[in-house]
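Shown next, in structure tokens, is the structure this report addresses.
The values are calculated or read from the model by the stated rules, or taken from the named source; none is laboratory data. Please read all numbers here as calculations on a predicted model, not as lab measurements. Here the Cβ positions follow ideal geometry from the backbone for every residue, glycine too, while neighbour counts run over all protein chains shown. Accessible surface areas use protein heavy atoms only, side chains included; no ligands, DNA or RNA. Shrake-Rupley method; radii C 1.70, N 1.55, O 1.52, S 1.80 Å.
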Amino acid sequence: MGINIGSSNVKVAVLQDNKIIWNAVEPHEGNFLDTLKKILSSRTLPADIKTLATGTEGRHLLNINSVIEPLCIEEALKNVQYQIDALVSLGGEDLVVYTIDKNNKIITSFSGNKCASGTGEFFKQQLARMNMKIGDINNVPADSRVLKLSSRCSVFMKSDCTHRLNKGEATTGDIVLSLSDVMAIKVIDFLKRARIEKGKVLLVGGVTQNQHILRFIRERMPQIEFLVPEQAAYFEAYGAALMAGTSGSTLPHLSSLFRSGPIQFKRFKSLQSAQGKVTYLPSQKGKVVAGREYILGVDGGSTTTKACLIDIGTNEVTASFYGRTHGDPVNALKNCLLEIKKQIREDIGDGKINITLAATTGSSREILGVFLETPAVYNEIIAHAVGTSFYRDNIDTIFEIGGQDAKYVSLKNKVPIDYAMNEACSAGTGSFLEESAQGDLNIPEADQIGDIALAANQPLKFGEHCSAFINSDIRNAIQQGASREDITAGIVTSIVSNYLNRVVGNRTIGKNIVLQGGVAKNKAVPLAFAMLLDKDILVPPDPELMGCFGVGILAKQKVAEGFLAKAVYDLDQILSTSIIHEKEFQCKACDNFCPIRLLNVNGHKYMFGGRCNKYANIRKKKVFNEAEVVDYIEKRNDILFKECAP
């Protein structure tokens, strides 16, 4: 029997007379010991079966002999009857190219750095963001296209995918093909580095199940014959099984198969040590009242979409919903509105309300502004500042952690005077926390992360570097046998460390700090901030709704200032509305030549797209009487140099 402990899967192959009797490939989701135990206990094994382990550091926690993967590959190659020039291993975390000589021995290897952008695990995470499973990838629509993505870094690529989906520039099928193409390009680049330009190349690893990647690789290097053996998904385990007869040890009873090893990470003190430094303001939600006037506030985030109904008279949130975007902001908003309608019906039955303002913010604010046909489209910085300062006048610092973006805002008299956002790095954001918990630790729901992290005795120190490196550290900690609680708390503290070092940096942190965004609902995160800063942290009511609440209150202020006019917004009409994509043209206003789409909403046509705000400004343009505009610069100069001059 051969066992391969991979970064994402446990692979087992059992041979008799060098023929495969059975094999298993199971995702371990951070718990490879239990996964292996489940595989082995589900089969009847001979008492004296010779066993050999290979794979990552996790193999050292097994009470059996182990060997490095290249030796297993060489042994497997002897038995598959292929004469090849190179072998490519496409795994969950690694991409490795081995050059092979005429005797099926490895000459040298070329492996990537820790960046995850060309690996199976990254692809799997992106599918989860789009609410897709691995089995869905072979059913993408025939008209799906390959788009250019920022492929040098997994985090930039993740942002690219998210924003293209949120702006309506790509479908989920386009993203599947584009990611597959990027991964194929990585394989081609590695083969070129290895100077493999002709001959035969064997492809192994779980990623070979993606038919799009195989097609793109073959299209890009037609002069090479690419082969996929039937043992591709468990190739190293197959090699280990072949070696087990001479190098393996007898499989012990399952109760004594595992042993503990040293954990090579420094630790923090418990998050519980910061209890007492975090204050939660209670939720102040009211009830919907028939006949009253309301504002619809919408925050179209990269991973979640939030909407709330605000009473224009009392400024109370009376109905709200917080749901997944799944790469389709318009449908995500419709889902929010359906849930809000249910809440309205619970409060007033068939009674009527008047929605006279609708405002949008967030990464998909422009497309949602077109969908709602509202000019009230504002950026997140000002929306969050208005929402937070509504509850406390003296707030001077806002920490906001969302799904894809993390923001810092410094306030003075409720006005933002400094701000910063993560440039692209996701290691300080909610999506990284959730995807790491799901993919590596088998924590299925985000709301479970906080309780698990608070149960940790000593959170591990993963540092505050790139998310791809932290992911690698997480897997190393798992393979060293660290507890799920300590790893989870370690991820939380690393996110906070990354945020403080990379987003806030050397900017001023005041005395009255608010933490908001969906991540603030995780009880461990504000405690981590309080522990690392040794400062008090305030969490506002419904921290996940601060964006949509703030943009609603901001729209009300704009009406009072004369910059916005009220209109009529009917939820049923909005739910029956769809955006029709009529045609596309190229803007020639500058050298970017952006594609601009003509959108039809309820018979009204809007130009949408582009890197700059040219067409967004055309949609929202307000005509001013220049004679009434005061030039305060000129007025100040008159006071300084004329009226008050000595």
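The H on the amide N of SER7, modeled in the peptide plane, is under 5 Å from the matching H of GLY92, GLU93, each at least 5 residues off or on a different chain.
Using a 1.4 Å probe over the heavy atoms of the protein chains, calculate the carbon and sulfur portion of the accessible area of the range 413-545 as a whole percent. Write out the running numbers ahead of the final one.
On the way: 1970 of 4730 Å².
Ligands and nucleic acids excluded, carbon and sulfur give 42 percent.
Summing charges over all other residues whose Cβ lies under 14 Å from the Cβ of LYS352, with Lys and Arg as +1 and Asp and Glu as -1, gives -2. Tally Lys/Arg at +1 and Asp/Glu at -1 over every other residue whose Cβ is under 10 Å from the Cβ of ARG267; what's the total? Spelling it out: positives minus negatives among the neighbours equals +2.
The spacing between the range 59-74 and the range 173-204, judged by their C-alpha centroids, is 27 Å. In this structure, the amide hydrogen of ALA319, modeled 1.01 Å from its nitrogen in the peptide plane, lies closer than 5 angstrom to those of LEU309, counting only residues at least 5 positions away or on a different chain.
Any idea what the dipole of the chain comes to, in debye rounded to 20, about its Cα centre with Lys/Arg Cβ at +1 and Asp/Glu Cβ at -1? Mind dumping the intermediate values first?
On the way: 74 positive and 70 negative charges, 113 e Å.
So the dipole magnitude of the chain works out to roughly 540 debye.
Looking at the chain alone, DSSP beta bridges between its own residues are antiparallel in about 70 percent of cases.
Taking amide hydrogens as placed 1.01 Å from N in the peptide plane, the amide H of LEU411 sits under 5 Å from those of THR397, ILE398, ILE417, each at least 5 positions away in sequence or on another chain.
The residue list GLY300, VAL504, GLY362 was ranked by how far each Cα lies along the charge dipole of the chain toward its positive end, using unit charges on Cβ atoms, and VAL504 comes out on top. If the segment from ASN617 to TYR632 were pulled out straight at 0.36 nm per residue, it would be longer than the present Cα-Cα gap by 3.0 nm.
Roughly what angle does helix 69-79 make with the longest principal axis of the chain, taking Cα atoms, 0 to 90 degrees, to the nearest 10? Around 50 degrees separate the two axes. Rounded to the nearest 10 degrees, the angle from helix 172-193 to the longest Cα principal axis of the chain is 50 degrees.
Per residue, the chain exposes 45 Å² of solvent-accessible protein surface, assessed with a 1.4 angstrom probe and all protein chains in place.
Over 31 Å apart at the Cα level, from the set LYS306/LYS566; LYS105/LYS266; LYS38/LYS334; LYS341/LYS521; LYS148/LYS306; LYS521/LYS556, are LYS105/LYS266; LYS38/LYS334.
Taking a Cβ cut-off of under 13 Å around ALA233, the surrounding Lys, Arg, Asp and Glu residues balance to a net charge of -2, with basic ones at +1 and acidic ones at -1.
Kindly work out what percent of the DSSP beta bridges joining two residues of the range 294-385 are antiparallel, to the nearest 5. Mind showing how you got there, number by number?
Numbers: 14 of 21 bridges.
Antiparallel bridges: around 65 percent, rounded to the nearest 5.
Relative contact order of the chain, taken over Cα pairs closer than 8 Å and 6 or more residues apart, is 14 percent.
Between LYS102 and LYS414, the modelled label-to-label distance comes to 8.3 nm, taking each label 7 Å out from Cα in the direction of the beta carbon.
Below 8 Å, C-alpha to C-alpha, sequence gap of six or more: please give me the relative contact order for the range 455-570 in percent.
On the way: 103 pairs, mean separation 24.0, N = 116.
Taking the mean separation of contacting Cα pairs over the length of the range 455-570, I get 21 percent.
In the chain, helices alone account for a calculated mean residue ellipticity at 222 nm of -10500 deg cm²/dmol, with every DSSP H run of four or more residues adding -39,500 (n - 2.57).
Residue separation of ILE49 and LYS285 scaled by 0.36 nm, minus their Cα-Cα distance, works out to 78.6 nm of gained length. Candidates (i) 95, 67, 58; (ii) 78, 60, 49; (iii) 82, 73, 48; which is the computed Cα extents along the principal axes in Å? So the structure-derived entry is (i). Taking the longest Cα principal axis of the chain as reference, the axis of helix 467-479 is set at about 50 degrees.
When the listed pairs LYS158/LYS192; LYS412/LYS523; LYS19/LYS78 are checked against a 19 Å cut-off, the alpha-carbon distance exceeds it for LYS158/LYS192; LYS412/LYS523. When the C-alpha to C-alpha distance is required to be over 27 Å, the pairs from LYS407/LYS558; LYS50/LYS102; LYS133/LYS342; LYS277/LYS407; LYS37/LYS269 that qualify are LYS50/LYS102; LYS133/LYS342; LYS37/LYS269. The Cα center of the range 514-569 and the Cα center of the range 431-463 differ in position by 24 Å.
Share of antiparallel DSSP beta bridges in the range 1-127, in percent to the nearest 5? Mind showing how you got there, number by number?
On the way: 22 of 27 bridges.
Here the antiparallel bridges make up roughly 80 percent for the range 1-127.
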